[in-house]
Amino acid sequence: MHTDDAVIKLIKAEEKRQREGLELIPSENYVSRAVLDAMGSVFTNKYSEGYIGKRYYGGQENTDKIEQLAIDRAKALFNCDHANVQPLGGATANEIMYNSWLEPGDTVMAMRLDHGGHLTHGHPVTYLAKQYNFVRYGIKNIETGEIDFEALRATALKEKPKMLLVGFSAYPRELDYAKFAEIGNEVGAVLVADMAHISGLIAGKALKNPFDYGFHIMTSTTHKTLRGPRSGMILSMGTVSNPLKAPDKTVENLPTLIDRMTFPGMQGGPHMHTIAAKAVCFYEAMQPEYQNYAQQVIKNAKKLADSLMERGFKLITNGTDNHLLLCDIKTSFGIHGGVAEEALDAIGLTMNKNSIPNDTEPPFRPSGLRLGTPAMTTRGLTEDHMEQIAEWMLQGIVHRSDAKKMASLRAETKEFALKFPMPSDV
Ligand SMILES: *Cc1c(COP(=O)(O)O)cnc(C)c1O
C-alpha cells in the first residue's frame, strides 16, 4: 500500500494545531469519531443521483436507507414536514432555496450585511445579487440589538418582497420570529430562516425553533453548532408530491419545489458519505446529552461576555443570547479587529475580525472581533474557564508587542488546551 506522506504530514500538523489551540471561531466545532468515520467511509464510492426509490443508478439498497435515516432524524429534530439532506453546503442550500421559490428579479428582504447578515443574503459581490433584488432591515439600537420592526414593516409594505429571510452570521441576540412572521404574512412573503449558525442550539432546544412561529423554510449548515460534517440541508413545511412536471409555486408545494431544484435543478450526485455523517450527527443531536451541550454553549458565552466586559471590552448589544460575541475592539482598545485577531492567534486563541453594525472602517479592516463558544464547549470547557480565556484575551492584546510575554502566554494556553481532549480522540 502506498501512502502519501506529504498529505499525512499536513493532516497531522492540522490535528496538532487544533489540539493545542483554543478554538473560538463561532462557526467552527469538533466532530465526534463517529462523524469522522462516516465521512471516511465507502459511501464516498457511490453515485446516487435522484431520490430514495427513484435513482438513476443501481446498487442503492444501502444509500436509500442511509438517506432515509438522515431525513427522518432531521424531521424529528426540527419538527418539520420535509428535509432535503442533499445540499453540499450552507451557501449551496441557500442558492437552491432562493431558486426553488423565486424568479429572476424578485425581491427578497434580508438582514443588513453589516448588521450580521451573511454573504449569501445578497452581498453585491455574489451572483445572487445579480439574480434577485435584495432589500434590507437592520438593528434599531446597537446597545440592545433590537431589530427595527417599524422600518422593516414600512419597507415590506413598499417593496412587497416574495421572501422574508431571517438569520445571521454575526448577531448575538435571539430573534422574535413571531414578529417577523406577522409582517411577512401581512405582505404575503414566504418566511425563511437561515439557521446556519444556531441550528445546533435549536436542535438542543436552547433557542427557539422558527417552525413553531409559522416559518415555511429553514436552511442550515450541518457543521457549525450542529457539530456534524461540513455540509448543508433545507427543511420545509408542506407536502411532498411526485409530479412529472414542476408543480405550481404554492407554499404547500415547497418541499417538492425544493427537491426538484436540488436535483436535477442545481446539483448532481449527492455526497452519500456526508449524508451518512449527517445521519450520525442528527442521532447525536437527539441524545439528552446534546441538550446539555447546547445549554452549556450559551452559559459559556454569557459568562465569557461578562468576563470580557469586566475587563473593558465593549460588546455589541452588551452581551449575548446565543453562542457568539461581537467585540467593538476599536472603541475598547483603539486598534482594528485584525490587529487583535493576529495578536490572539499568536497566543493560540483563534477568532476572526468582523465588521460591527454601522462600522466606520472598511470591511477589510473592520473594527470588530467575532468569537464564540461552540468548539471550546465541545472540548469540555465550562463557565469556570471563561474568566481565564477573557484574561488571556486582554493580556494578548495589551502585550502584543512584547515577544517574551507573548511566548509565555502561548505556553500557558497550550498547556491548558492539552488538558481537554478532542472528541475524535476516543
Ligand atoms: C456559514 C453560513 C452560511 C454558509 O455556509 P457554507 O457551508 O460556508 O457555505 C450561510 N448562511 C449563514 C447565515 C452562515 O453563517
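We did not get these values from a lab; they are worked out from the coordinates using the rules stated. Since the structure is predicted, the reported quantities are computational estimates derived from the model, not experimental observations. So basically every Cβ, Gly included, is an ideal-geometry build from the backbone, and we count neighbours across all protein chains shown.
Residues in region 369-426 that are among the acidic types (D, E) and within 21 Å of L326 (Cβ to Cβ): E383, E387, E391. Every test in (1) crowded, with 22+ Cβ neighbours inside 10 Å; (2) assigned to a helix (DSSP H, G or I); (3) within 15 Å of the ligand (Cβ to nearest atom) is passed by S100 save one, and that test is (3).
Among the residues making up region 122-143, those that are touching a residue at least 24 places away in the same chain (Cβ under 8 Å), over 16 Å from D106 (Cα atoms) and in a loop (DSSP other than H, G, I, E, B) are G138, I142, E143. Within region 384-424, if we keep just the residues that are of a type in the set (G, A, S) and assigned to a helix (DSSP H, G or I), the residue that is nearest to S32 (Cα to Cα) turns out to be S424. Scan region 144-154 for residues that are crowded, with 20+ Cβ neighbours inside 10 Å and assigned to a helix (DSSP H, G or I) and the total you get is 1. The residues in region 155-181 that are part of a helix (DSSP H, G or I) and within 16 Å of the ligand (Cβ to nearest atom) can be counted, and the count is 2.
Screening Y171 on (1) under 15 Å from the mean Cα position of the chain (by Cα); (2) farther than 23 Å from A301 by Cβ shows it passes everything except condition (2).
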